[in-house]
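Here's the structure, in structure tokens; my notes come after.
Read-outs: derived from the displayed coordinates by stated rules, not from any lab. Not measured: the values here are computed from a predicted model. All Cβ positions, even for glycine, are placed from backbone atoms using ideal geometry, and neighbour counts span all protein chains on display.
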Amino acid sequence: MPRARIYRPAKTAMQSGKAKTGKWVLEFEPTDPISPDALMGWAGSGDTRQQVKMRFDTMDEATSFAEANSIDADVIKPHEAKIIKKSYSDRFAFNRIR
């Protein structure tokens, strides 16, 4: 039975935006080891499932797809960052804490 991971990707470190972080991803775990090609030296594998990444709107859709296709999936819950709202004028308020 194939194994897979279901997760919601984190934002990239190179950008401050949160594009492409709302969808859930089903990604298969590698089954064959990666080995270098004898002629070119490129890394490769005979496992074509590593190339598949499926995107779903919700976690329930991803898990139901995995169950319907008998895929053993591990769900990785996302870590939600705390957003602390601050304004520039709070730095000059009379009641600020130093």
Residues I76, I71 in order from fewest to most other beta-carbon atoms within 10 Å are I76, I71
Dividing the alpha-carbon radius of gyration of the chain by 2.2 N^0.38 Å, where N counts its residues, gives 1.67
For the range 39-97 the GluC sites (Glu not before Pro) that pass both the DSSP coil test and the at-most-16 other-Cβ-within-10 Å test are E80
Residue-normalised 222 nm signal for the chain, counting each DSSP H run of n ≥ 4 as -39,500 (n - 2.57), nearest 500 deg cm²/dmol, is -3000 deg cm²/dmol
Counting only DSSP loop positions in the range 14-49, the chymotrypsin sites (Phe, Trp or Tyr not before Pro) whose Cβ has at most 14 other Cβ atoms within 10 Å are W42
